[in-house]
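Written out below as structure tokens is the structure these notes cover.
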Amino acid sequence: MSKSFRSGFATFVGRPNVGKSTLTNALVGEKIAITSDKPQTTRRAIRGIVSRKDGQLVLVDTPGMHRPRTLLGERLNEVVKENLAEVDVICFCIPAKEKLGPGDRFISQQLDLNPGAKLAAIVTKADQASKAEIASQLLAVSRLRDWDLVIPVSARTGDQIELLAGELIKLLPESEPLYPSEMHTEESIESRIAELIREAALHGVTDELPHSIAVTVDDLIERDDQELTEVYANLWVERESQKGIIIGHKGAKLGEIGSLARASIEPLLGRKVFLSLRVKVAKDWQRDPKNLSKLGF
């Protein structure tokens, strides 16, 4: 391995729904983090691995930093803080069309708690902004602090994504690769399937529901004679009334969720999928330490 080879960890931080997961997927070249327009979609640190001939970038996609209202919210913020302390580069994500606000300034101040990390500012969703708006945002971001890298990108169109990967690798320490080059994530198949089901459940639900939905996978059964995988999973909500919303009239909503999820799971597994979904209630699980642990938080 060449002495100039670089490897290390970078994490994306920012307010909820600024495009961190979409950016992770674009850099990795594979969907490893679910996306939706609902805040706090990401609930744990998800590692994506980007391998190039001159380096290996391990991306840690984290939940959005926010003012917590539940025990779950507090734990998500702790996930962010723990990862900030362990990475080589912290990438602060700010959408091109959204003015900097108190939340952005608070996150910028938090970066001072991690003096060992290089700092990058990434202006996201550049495809949604004019050149003048992008220039104005780059100027505003540059005034927050001294950055090691400032760059606008569009994960949706791929604009400057490859350049971003190269520039982030330059900020990493010299090191041997941390993972095999063919590996894209260390997420288990069960975890990825659970997240794809949750993504499908988030599609088109009312505002009260997103935070209340969790998913666990009970079993995966390979039917090699039929080239089929059976997936048995649970959709968890906090109240009986929410259970009715998820199931829908005569099971219509649950059927829609199943179809959407299956369409995402089949490409991941490379085979047909039979998906069995059950809706269960874990009362006020976001605030209950025992239920949080049961659901993996």
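The values are calculated or read from the model by the stated rules, or taken from the named source; none is laboratory data. All values reported here derive from a predicted model rather than from experimental measurement. When we count neighbours, we look across all protein chains shown, and the Cβ atoms used for this are built from the backbone with ideal geometry, even at glycine.
Output the residue which, of all residues in region 155-189 that are of a type in the set (Asp, Glu) and within 15 Å of the chain's Cα centre (by Cα), is surrounded by the most Cβ atoms within 10 Å (Cβ to Cβ). The selected residue is 187.
All of (1) closer than 30 Å to residue 118 by Cβ; (2) modelled with pLDDT of 90 or more hold for residue 190 with one exception: (1).
None of 118, 125, 131 is at positive phi and not aliphatic (A, V, I, L, M) except 125. When residues in region 169-189 are screened for being over 22 Å from residue 296 (Cβ atoms), touching a Lys or Arg at 6+ places or on another chain (Cβ under 8 Å) and charged (D, E, K, R), 2 of them pass.
Annotation: of all residues in region 134-148 being under 26 Å from the mean Cα position of the chain (by Cα) and in a helix (DSSP H, G or I), the one that is surrounded by the fewest Cβ atoms within 10 Å (Cβ to Cβ) is 142.
I'd like the full set of residues that are in contact with a strand residue (DSSP E or B) (Cβ under 9 Å, 6 or more places away or on another chain) and assigned to a helix (DSSP H, G or I), limited to region 198-241.
Restricting attention to region 198-241, the residues satisfying the condition of being in contact with a strand residue (DSSP E or B) (Cβ under 9 Å, 6 or more places away or on another chain) are 198, 201, 209, 212-223, 226-240.
Matches in region 198-241: 198, 201, 212, 240.
Has region 253-267 got any residue that is over 14 Å from residue 197 (Cα atoms) and either loosely packed, with under 15 Cβ neighbours inside 10 Å or touching a residue at least 24 places away in the same chain (Cβ under 8 Å) (or both)? No, every residue in region 253-267 fails to be over 14 Å from residue 197 (Cα atoms) and either loosely packed, with under 15 Cβ neighbours inside 10 Å or touching a residue at least 24 places away in the same chain (Cβ under 8 Å) (or both).
Can you tell me which of 255, 251 is part of a helix (DSSP H, G or I), over 26 Å from the mean Cα position of the chain (by Cα) and modelled with pLDDT of 90 or more?
Exactly one of 255, 251 is part of a helix (DSSP H, G or I), over 26 Å from the mean Cα position of the chain (by Cα) and modelled with pLDDT of 90 or more, namely 251.
Report yes if some residue within region 180-187 is assigned to a loop (DSSP other than H, G, I, E, B) and either among the small types (Gly, Ala, Ser) or on the phi > 0 side of the Ramachandran plot (or both); otherwise report no. Yes, the conditions are met somewhere in region 180-187. For region 190-215, taking the residues that are touching a Leu at 6+ places or on another chain (Cβ under 7 Å) and either without any contact (Cβ under 8 Å) to a residue 12 or more places away in the chain or surrounded by fewer than 18 Cβ atoms within 10 Å (Cβ to Cβ) (or both), the one that is farthest from residue 272 (Cα to Cα) is identified as 210. Residue count for region 107-133 satisfying the condition of being among the small types (Gly, Ala, Ser) and buried (at least 17 other Cβ atoms within 10 Å of the Cβ): 6.
If you go through region 104-135 and keep only what is within 12 Å of residue 153 (Cβ to Cβ) and touching a helix residue (DSSP H, G or I) at 6+ places or on another chain (Cβ under 8 Å), you end up with 120, 121, 122, 123, 124, 126, 129, 134. Restricting the first member to region 90-114 and to residues that are in contact (Cβ under 8 Å) with a residue 24 or more places away in the chain and of a type in the set (S, T, N, Q), and the second to residues that are crowded, with 17+ Cβ neighbours inside 10 Å and in a helix (DSSP H, G or I), the beta-carbon pairs closer than 6 Å and six or more apart or on different chains are 114/84. Counting the residues of region 258-297 that are assigned to a loop (DSSP other than H, G, I, E, B) and closer than 21 Å to residue 222 by Cα gives 2.
Residues in region 219-249 that are within 20 Å of residue 199 (Cα to Cα), of a type outside the set (A, V, I, L, M, F, W, C) and surrounded by fewer than 19 Cβ atoms within 10 Å (Cβ to Cβ): 219, 230, 232, 234, 239, 243, 244, 248.
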